[in-house]
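Read the structure below first, then the notes.
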Amino acid sequence: MGDYFSYNIYKLASEKTGLKEKNIKNTVELLDDGNTVPFIARYRKEVTGSLDEKEIRDIEEVVDYLRKLWGRKEEIAEIVDEQEKLNEKLLGKLFSAETLQEVEDIYRPYIVKKKTKAARAIEKGLKPLAEIFISQDTSAGRPKEIAKNYLNSKKDLHKVEDVLNGAEDIVASFISNDADLRKKIRKHFFSSALIRSKLKKSKNDTDDKYQDYYEFSESINRIPPHRILAVNRGENEDVLKVKIEVNDKKSARIIDRHFDIKESYYRTHIDNAKDYAYKRLIAPSLEREVRNYLNEKAEQRAIDNFSINLKSLLMQPPLPQKVVLGIDPAFRTGCKTVVVSENGRVLNTGTIYPHPPQNDTKSAAEYIKNQIKTYNVDLVVIGNGTASRETELFIANLINDGLEVEYTIVNEAGASVYSASEIARKEFPDLDVSIRGAISIARRVQDPLAELVKIDPRSLGVGMYQHDISDNKLSKALNEVVVDAVNHVGVEINTASAALLSYVSGISTNNAEKIVEHRTKNGIFKKRKDLLSVYGFGPKTFEQSAGFIRIESEKDPFAVTPIHPESYAAAEKILNKLDFSKQDLLDKKRIRILREKLNELDITDIAAKIDIGIPTAKDIVKSLQQPGRDPRNDMPGPVFRKDVLKLEDIKEGMIFTGKVRNIVDFGAFIDIGLKNDGLLHISEMSEMYVNDPFEIVYIGQTIKVQVLSVDRHRSRISLSLKF
């Protein structure tokens, strides 16, 4: 491939992102060299200018697009050059094109097409006549008179109309293939188009689910993402007919001005060609572009919402040192129970039948009391699925009768997915699928991150319209969220599952399984460098992962912190200057004194003295101040209950403490202890205008809400923060 263009991809990326060219260049080189985003963000701050994970991924995405864009420009220039049609004007247009779509529009006239009507007309020799129409050269004579010169029965040009129609086909192709015209009409579409939906004659919406969209229209620049996805779903379910509408008369005027079409002998034929080009070739193509644009915008917003919700869910604080009794509620098949120890080990399993049809409340109560007493259970955790509120009432009654325990309701979304997964089968090969679900419910309170990473994020119930989103896009985005969460927290290498380890920077699924195998065979890891003895664990994998691994060990005291082994020497120098040793990191009394000394440290001075960058020095000092710290502990924990709430108890004006369960564009769903979550609409979040609910609340947040209204017929409750 020839080099037809000279450009600086880093400068172009800088213009797109607003980030410094130097930082972009350094970041791209790190990415190209196989470094992971978490590793670059955490341990290469001097090189990148302290870019965070989002900025690094933005760079990765922008540079990837620019590489495709300029690669395609080079390809097209080479193809057209081989056709001997390349000139400076065309190169200039390609150089200036900012999107792949613009590039393809420029290339359109040079594509070797199948036998189109225009191509057949050209073969019949009608191009000169078409060029007369395009030039509007009236001196050539009237159309019908000129057309007679092209009559040729051997070419199926028997009548004047055959000749004129063929010339119109060529003109229509010329209009359609004009890249500058398409750019102007595209601007018209994207600035003024409406999306319109209406009910199909063969109504398939038996529940009136899409009633709001039976006669609906809205500007494509104003419609919110959740409405785009709703319209799309209605169309996919064959309920709605959806189309994009623009002012076609304005489009016609744009074409007239672009080609300076005047009144002449040829106007009728030019108008015929213009109408065909616009209605059959240009408009349908741009309508697809608009729909694609809307879909991409809606998908991205849904993915962003899902990602934010997922991060909040994963970052909920663990409840260490709690023995938990997990209950997966059900009616006919019974409630599956499991007791798990403080470290998540399964102590006992069982099934109780306190609900219809068995109604064996007495035996169930005795069993629960026995389990709580035998295993010193601290907390009962109930899944929020079928029979959840009935089970809650059953447990609350036991507490009211004197049972010393608290309970909480957890979102059991994904528990059934986990229980039937390969991960669950490997963990508990001898246990029934339903019991595995109860284990997942219990453990996700003890350590949400460690348990939830075992489940496909799309099954965790914290998004909306996820089934209408591209699987690849959603999976990629959610995987990035999990990776960032896992590496932000760090992973205890001696207790982590293979599922959790596989999200650590640089560690593949195969690496993770080998780590667990090595741990099982050889015992616990005592220092980070022990990882190098794991089969398949080379220097690069160690470099990328070591800082995110945690080990509490006298042989590697720095391993309780995020300090990377490459910075151990620098960290030790800092400690020595303060008359401390690395062993002090395992002594709580010494840590308190160390923290005070570190607060007085001049970071700039110490960085210069031990020859490290200021960002790295800051990170080392911060890590030394809080060895073993879990960043999730800053987040609010679950709400514990001892009584049960019923819908009939709820009255307007009542105030409750609830927990944010899910957030969508139009508001948030709040668990206040009822079977169904209440809706906190975006309009009820503040006296001020709220553009984005994520600015006000986050998943797992504990908030006080006031009851705005109660719809007992539909079991719906509206909530407000404005009180």
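The values are calculated or read from the model by the stated rules, or taken from the named source; none is laboratory data. This is a predicted model, so every value here is computed, not measured. Note: ideal-geometry Cβ built from the backbone for every residue, glycine included; neighbour counts use all protein chains shown.
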Those residues of the range 404-425 that are surrounded by fewer than 21 Cβ atoms within 10 Å (Cβ to Cβ), farther than 27 Å from Lys642 by Cβ and either in contact (Cβ under 8 Å) with a residue 24 or more places away in the chain or in contact with a strand residue (DSSP E or B) (Cβ under 8 Å, 6 or more places away or on another chain) (or both) come to a total of 3
Just one listed residue, out of Leu86, Leu30, Leu91, is part of a helix (DSSP H, G or I) and over 25 Å from Ala570 (Cβ atoms), and it is Leu91
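Could you identify the single residue in Leu19, Leu66 that is in contact with a helix residue (DSSP H, G or I) (Cβ under 8 Å, 6 or more places away or on another chain), farther than 23 Å from Glu543 by Cβ and either outside any loop (DSSP other than H, G, I, E, B) or of a type in the set (Gly, Ala, Ser) (or both)?
Details: Leu19 fails: either outside any loop (DSSP other than H, G, I, E, B) or of a type in the set (Gly, Ala, Ser) (or both).
So the residue among Leu19, Leu66 that is in contact with a helix residue (DSSP H, G or I) (Cβ under 8 Å, 6 or more places away or on another chain), farther than 23 Å from Glu543 by Cβ and either outside any loop (DSSP other than H, G, I, E, B) or of a type in the set (Gly, Ala, Ser) (or both) is Leu66.
Just give me the residues in the range 601-640 being of a type in the set (Lys, Arg) and under 33 Å from the mean Cα position of the chain (by Cα), in sequence order. Lay out the reasoning, then the answer.
Start the filter on the range 601-640 by keeping residues that are of a type in the set (Lys, Arg), which leaves 609, 618, 622, 629, 632.
Lys618, Lys622, Arg629, Arg632 - these are the residues of the range 601-640 that are of a type in the set (Lys, Arg) and under 33 Å from the mean Cα position of the chain (by Cα).
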Close pairs (8 angstrom Cβ cut-off, 6 or more residues apart or separate chains): under 24 Å from Glu88 (Cβ atoms) in the range 58-75, part of a helix (DSSP H, G or I) and of a type in the set (Lys, Arg) anywhere
Leu66/Lys16
Which one of these does Tyr503 not meet: (1) in the same structural domain as Lys582 (by TED's automatic domain parsing); (2) touching a residue at least 24 places away in the same chain (Cβ under 8 Å)?
(1)
Within the range 130-140, restricting to residues that are of a type outside the set (Asp, Glu) and free of Cβ contacts under 8 Å to residues at least 40 places away in the same chain, the one that is farthest from Tyr276 (Cα to Cα) is Ser139
Residue count, the range 117-157 (criterion: over 55 Å from the mean Cα position of the chain (by Cα) and among the charged types (D, E, K, R))
8
Might you check whether a residue that is of a type in the set (D, E, K, R) and in contact with a Lys or Arg (Cβ under 6 Å, 6 or more places away or on another chain) occurs anywhere in the range 379-395?
yes
Can you tell me which condition Lys476 does not meet? The list is (1) surrounded by fewer than 19 Cβ atoms within 10 Å (Cβ to Cβ); (2) touching a residue at least 24 places away in the same chain (Cβ under 8 Å); (3) more than 28 Å from Asn599 (Cα to Cα), and all the others hold.
(2)
Counted residues in the range 655-674 being within 21 Å of Leu379 (Cβ to Cβ), assigned to a loop (DSSP other than H, G, I, E, B) and not small (Gly, Ala, Ser) come to 2
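Can you pull out every residue in the range 430-445 that is within 14 Å of Gly383 (Cα to Cα) and of a type outside the set (Gly, Ala, Ser)?
Here is the first cut: in the range 430-445, the ones within 14 Å of Gly383 (Cα to Cα) are 434-445.
Ile435, Arg436, Ile439, Ile441, Arg443, Arg444, Val445 - these are the residues of the range 430-445 that are within 14 Å of Gly383 (Cα to Cα) and of a type outside the set (Gly, Ala, Ser).
Name the single residue, out of those in the range 675-723 being of a type in the set (D, E, K, R) and not in a loop (DSSP other than H, G, I, E, B), that is farthest from the chain's Cα centre (by Cα). Steps first, please.
Initial filter on the range 675-723 (of a type in the set (D, E, K, R)): 675, 677, 684, 687, 692, 695, 704, 711-712, 714, 716, 722.
Now restrict to residues that are not in a loop (DSSP other than H, G, I, E, B): 684, 695, 704, 711, 716.
Numbers: Glu684: 26, Glu695: 18, Lys704: 29, Asp711: 34, Arg716: 29 Å.
It comes out as Asp711.
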Looking at the range 683-695, I want the residues that are closer than 12 Å to Leu721 by Cα and have a partner that is modelled with pLDDT of 90 or more and among the charged types (D, E, K, R) with Cβ atoms under 8 Å, at least 6 apart or on another chain. Which pairs are those?
Glu684/Lys722; Met685/Lys722; Ser686/Lys722; Glu687/Lys722
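Within the range 214-272, track down each residue that is part of a helix (DSSP H, G or I), over 43 Å from the mean Cα position of the chain (by Cα) and of a type in the set (Ser, Thr, Tyr).
The initial filter retains those residues of the range 214-272 that are part of a helix (DSSP H, G or I), namely 225-236, 248-259, 267-272.
Checking the rest, the ones that are also over 43 Å from the mean Cα position of the chain (by Cα) come to 256-257, 259, 267-272.
If the condition is that a residue be part of a helix (DSSP H, G or I), over 43 Å from the mean Cα position of the chain (by Cα) and of a type in the set (Ser, Thr, Tyr), then Thr268 is the only one that fits.
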Test of understanding: among Ile399, Ile439, Ile368, which residue is crowded, with 22+ Cβ neighbours inside 10 Å, more than 39 Å from the chain's Cα centre (by Cα) and either under 30 Å from Val482 (Cβ atoms) or touching a residue at least 40 places away in the same chain (Cβ under 8 Å) (or both)?
Ile368
Does any residue in the range 102-119 that is at pLDDT below 95 come within less than 7 Å, Cβ to Cβ, of a residue that is outside any helix (DSSP H, G or I) six or more places away or on a different chain, and which pairs are these?
Arg108/Asn177; Pro109/Asn177; Tyr110/Gln83; Tyr110/Lys85; Ala119/Lys113
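Look through Gly71, Gly92 and report the one residue that is in the same structural domain as Leu31 (by TED's automatic domain parsing) and within 30 Å of Phe39 (Cα to Cα). If you could, list the steps in order and put the result at the bottom.
Details: Gly92 fails: within 30 Å of Phe39 (Cα to Cα).
Of Gly71, Gly92, the one residue that is in the same structural domain as Leu31 (by TED's automatic domain parsing) and within 30 Å of Phe39 (Cα to Cα) is Gly71.
Answer yes or no as to whether Tyr535 is free of Cβ contacts under 8 Å to residues at least 24 places away in the same chain and in a loop (DSSP other than H, G, I, E, B).
On the way: free of Cβ contacts under 8 Å to residues at least 24 places away in the same chain: yes; in a loop (DSSP other than H, G, I, E, B): yes.
Criteria met by Tyr535.
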Conditions (1) surrounded by 14 or more Cβ atoms within 10 Å (Cβ to Cβ); (2) in contact (Cβ under 8 Å) with a residue 60 or more places away in the chain: number failed by Lys540
(1)
Would you list the helices (runs of 4 or more DSSP H) that sit entirely within the range 380-451 and hold 1 or more residues that are within 28 Å of Gln701 (Cα to Cα)?
388-400, 415-419, 433-446
Single unsatisfied condition, Glu131 versus (1) surrounded by 15 or more Cβ atoms within 10 Å (Cβ to Cβ); (2) touching a helix residue (DSSP H, G or I) at 6+ places or on another chain (Cβ under 6 Å)
(2)
For Asn295, the lone unmet condition from (1) under 23 Å from Ser217 (Cα atoms); (2) buried (at least 21 other Cβ atoms within 10 Å of the Cβ) is (2)
How do the pairs read when you match residues in the range 6-22 that are in contact (Cβ under 8 Å) with a residue 12 or more places away in the chain with residues anywhere that are in a loop (DSSP other than H, G, I, E, B) and surrounded by 17 or more Cβ atoms within 10 Å (Cβ to Cβ), using Cβ under 8 Å and keeping only pairs 6 or more apart or on different chains?
Ala13/Leu19; Leu19/Leu51
Surrounded by 14 or more Cβ atoms within 10 Å (Cβ to Cβ), part of a loop (DSSP other than H, G, I, E, B) and touching a Phe, Trp or Tyr at 6+ places or on another chain (Cβ under 9 Å) - does that describe any residue in the range 180-199?
no
Pick from Lys187, Lys154, Lys159: which is closer than 30 Å to Ile223 by Cα and assigned by TED's automatic domain parsing to the domain that holds Lys279?
Lys187
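For every residue, the table says whether it meets (1) closer than 25 Å to Glu451 by Cβ; (2) among the aliphatic types (A, V, I, L, M); (3) surrounded by 19 or more Cβ atoms within 10 Å (Cβ to Cβ); (4) more than 38 Å from the chain's Cα centre (by Cα).
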| position | (1), (2), (3), (4) |
| --- | --- |
| Leu500 | yes, yes, yes, no |
| Ala512 | yes, yes, yes, no |
| Val516 | yes, yes, no, no |
| Lys527 | no, no, no, no |
| Phe548 | yes, no, yes, no |
| Thr561 | yes, no, yes, no |
Do you know which of the residues in the range 27-43 that are surrounded by 20 or more Cβ atoms within 10 Å (Cβ to Cβ) and either of a type in the set (Phe, Trp, Tyr) or free of Cβ contacts under 8 Å to residues at least 60 places away in the same chain (or both) is nearest to Glu566 (Cα to Cα)?
Tyr43
